[in-house]
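Notes to accompany the following structure.
The values are calculated or read from the model by the stated rules, or taken from the named source; none is laboratory data. The shown structure was predicted, so the numbers you read here are calculated from the model rather than taken from an experiment. Here the Cβ positions follow ideal geometry from the backbone for every residue, glycine too, while neighbour counts run over all protein chains shown.
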């Protein structure tokens, strides 16, 4: 269904000269710096899959997605979507795609939301009856009834994301590409969007590729995960195996009622976790919950004094990448 | 046919967006009218005071000016955003346009659609005054009217082609505002006057590298001065179409090099 | 020294875009050249008052170079602040809003003087052999005339920017200002050659101080006495700017900005 074969993308940036007459020299120079944004990435995604595409900032996630939907031309390699190349048959391919860039909207900013859908319908040359049905269904699922008359610029971020999702689904594409669809949303809105996406995948059988920074998105939605770093894919498989590989790195901050006695470091040195900081009454430890449980850590810590408060921190994304290596 | 339908649909949406700020829309239309009016006034005062320019009478020079007003207005109506294309490249705004199942150019040209009413009114007024004077004095006949329409059409196509080609350079250089100042602004200011006032190197440039000389000057030689011959009109049209086709294939090549906001 | 820091900051910001600047300067030289060609075209076999052919070429060339000094940023950027609402923040800066805006803009003006006006003038002097002042002291008067012109231009831009409080957009107003400058300042046609009623309007407006005065002084057609007119307009516009700032402050306070 979606095939990426040995994709490479190199950006060519002119080198800016320094020093005297630098402007003239930059203008005339033919020197370039090559930046490899995507390096030999291959994968296949079959119908109905829900794939998470993750990696740190600047790893090449957006570049890959932009190549998949025909915005960028790969330096080498090939993309095939339902047997067509999005670069060579762009207009034909984009009809089968729904794309949402979380940071941008595809809606008409100053017009009421309803107008955006009308315009999109004529852009995609949808049959009147089909459009009516489709919009009816989407309006109901995504709860857009009350938003239809409001200019897009006045929608909240969560409302706008729902509207954008509807816009990308209006022409009933088989495939959805979502670039950071939950970015900047509050917890409730995030949960809402996730529920919709789950429904799109399981009930409507849409194939979905999603990039995100939010590990919860991945945990709750994706059956398969591709991890990318420095332009190269470093993991491609199901979520369980990934979890097994990286474990669940956790940072715990434990606050004691009284100041900790000085000998604590020796006492903790032979543990299954490491002390990474100590400040007055608070000891910070790092552990992997694959090797030890939180209870075990607490048990041992409680020997140092009465625990007043515990704080668990989410694993940091860059750390996870390091662990995969 | 359906593309034309979509064009009007999108242009209408853009117009309606602007109408959301009615006061602004009306005020800006009036001020633009005033702005171009002042420019026209300045130039006509000079040419009027000195009884023409390099053997071109006031009315002949006014005719050239009017042709360029139409050309510029239609160019901006059809493709206003090509003139401001840099932001699409630098801010990656072209991404969304590439996701539509239709030619990118078609989506681009409907953005920020502006009717340019001010320039059209001024152009029509100037054109009527000049042509009616020239016809009254037997220097031209009614035949000049359809000819002028043809000149405006071919001129618009030439300007469009040059504008498009300049914008396309941006796919490699990213920055094009400054280049457009030369190919768009300077060249169209230059074509408001008879080419004969310029030194040789500039005349040659305007007839070859940057063929803006064909938008108004060359065909006008025939239409209002009876020089050259009728052949110049189809020749200009042919050139215009060839330039546009060239610009379009250059544009297609450029799209392959679009870098989005990728770093 | 807050004002100096402000000016230096906006000066340094401009230095970053050098290749763009080169192209812009080149375009400006060409456009000026077109205007010169128009004058050479109309003046064939005609007497051109106290200018003469060579004089009018120098006049137009100088104006084109000088234009960069008096092309203040559209509304000094106030329009943007009004739209984003940042304006109430900026109004609270610890110096008078008008001075604050003046100083921000002066960095830009000095930059344009050094990197646009002077290079363009030099190009015209070398390539077109345009006239240069015979008395060295004229350079000083020319510079003063240009600085006064820049001051007046900034005042006008400030008033245009303030208009955004009522119109929300000042882009077109700025366009009209440039159009008026072309017609009334003597930029394209020396003021004395305007038809009677326009000459009157021009004489009653600050526009001649923007281009006509500096240019005539540079060509040594007028003495430094012409600077009195510029000084008068500086004073009058300063008063206007202070007055309007008070009005706007009250407006913002009422709206609870």
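At a glance:
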quantity	calculated
Matching entry among A:147, A:165, A:142 (being in contact (Cβ under 8 Å) with a residue 24 or more places away in the chain, crowded, with 19+ Cβ neighbours inside 10 Å and in contact with a strand residue (DSSP E or B) (Cβ under 7 Å, 6 or more places away or on another chain))	A:165
Residues located in the stretch A:199-216, provided they are in contact (Cβ under 8 Å) with a residue 60 or more places away in the chain and part of a helix (DSSP H, G or I)	A:201, A:215
Among (1) at pLDDT below 90; (2) out of contact with any strand residue (DSSP E or B) (no Cβ under 9 Å at 6 or more places or on another chain); (3) within 13 Å of chain C (Cβ to nearest Cβ), the one test that residue B:1 misses	(3)
Filter pass, residue A:122 being at the interface with chain B (Cβ under 9 Å from one of its Cβ atoms), in a helix (DSSP H, G or I), touching a residue at least 24 places away in the same chain (Cβ under 8 Å) and at negative phi	no
Members of the stretch A:87-105 found to be under 19 Å from the mean Cα position of the chain (by Cα) and under 15 Å from residue B:97 (Cβ atoms), listed by number	A:97, A:99, A:101, A:104, A:105
Residue check for residue A:72: buried (at least 20 other Cβ atoms within 10 Å of the Cβ), farther than 13 Å from residue A:167 by Cα and within 13 Å of another protein chain (Cβ to nearest Cβ)	yes
Residue list for the stretch A:150-162, restricted to those being in contact (Cβ under 8 Å) with a residue 40 or more places away in the chain and exposed (fewer than 15 other Cβ atoms within 10 Å of the Cβ)	A:153
Filter result (within 11 Å of chain B (Cβ to nearest Cβ) and either closer than 22 Å to residue C:64 by Cα or free of Cβ contacts under 8 Å to residues at least 24 places away in the same chain (or both)) within the stretch C:146-170	C:166, C:167
Search result, residues across the stretch B:176-233 that are under 15 Å from residue B:56 (Cβ atoms), part of a helix (DSSP H, G or I) and in contact (Cβ under 8 Å) with a residue 24 or more places away in the chain	B:196, B:197, B:217, B:219, B:220, B:222, B:223, B:224, B:225
Scan of the stretch C:32-58 for residues that are surrounded by fewer than 17 Cβ atoms within 10 Å (Cβ to Cβ) and assigned to a loop (DSSP other than H, G, I, E, B), ordered by number	C:44, C:45, C:46, C:47, C:49, C:50
Any hit, the stretch C:172-181, residues being more than 12 Å from every other protein chain (Cβ to nearest Cβ), out of contact with any strand residue (DSSP E or B) (no Cβ under 8 Å at 6 or more places or on another chain), in a helix (DSSP H, G or I) and surrounded by 22 or more Cβ atoms within 10 Å (Cβ to Cβ)	no
Out of B:31, B:15, sole residue that is over 20 Å from residue C:176 (Cβ atoms) and either facing chain C (nearest Cβ under 9 Å) or surrounded by fewer than 21 Cβ atoms within 10 Å (Cβ to Cβ) (or both)	B:15
Residue in the stretch B:64-74 that is over 18 Å from the mean Cα position of the chain (by Cα), assigned to a helix (DSSP H, G or I), within 12 Å of another protein chain (Cβ to nearest Cβ) and crowded, with 16+ Cβ neighbours inside 10 Å present	no
Residue in the stretch C:186-194 that is closer than 21 Å to residue B:36 by Cα, surrounded by fewer than 23 Cβ atoms within 10 Å (Cβ to Cβ), within 14 Å of another protein chain (Cβ to nearest Cβ) and under 15 Å from the mean Cα position of the chain (by Cα) present	yes
Among residues of the stretch A:145-158, those that are under 15 Å from residue A:111 (Cα atoms) and touching a helix residue (DSSP H, G or I) at 6+ places or on another chain (Cβ under 7 Å), counted	6
Residue match in the stretch C:206-228 (condition: farther than 22 Å from residue C:36 by Cα, at pLDDT 95 or above and not in a helix (DSSP H, G or I))	yes
Residue in the stretch A:53-68 that is modelled with the highest pLDDT, counting only those that are surrounded by fewer than 24 Cβ atoms within 10 Å (Cβ to Cβ) and either closer than 17 Å to residue A:91 by Cα or within 9 Å of chain B (Cβ to nearest Cβ) (or both)	A:65
Residue among A:95, A:104 that alone is at pLDDT below 90 and within 7 Å of another protein chain (Cβ to nearest Cβ)	A:104
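Condition check ((1) without any contact (Cβ under 8 Å) to a residue 24 or more places away in the chain; (2) over 15 Å from residue A:251 (Cα atoms); (3) part of a strand (DSSP E or B)) across all residues:
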| position | (1), (2), (3) |
| --- | --- |
| A:267 | no, yes, no |
| A:272 | no, no, no |
| A:287 | no, no, yes |
| A:291 | no, no, no |
| A:298 | no, no, no |
| A:301 | no, no, no |
| A:305 | no, yes, no |
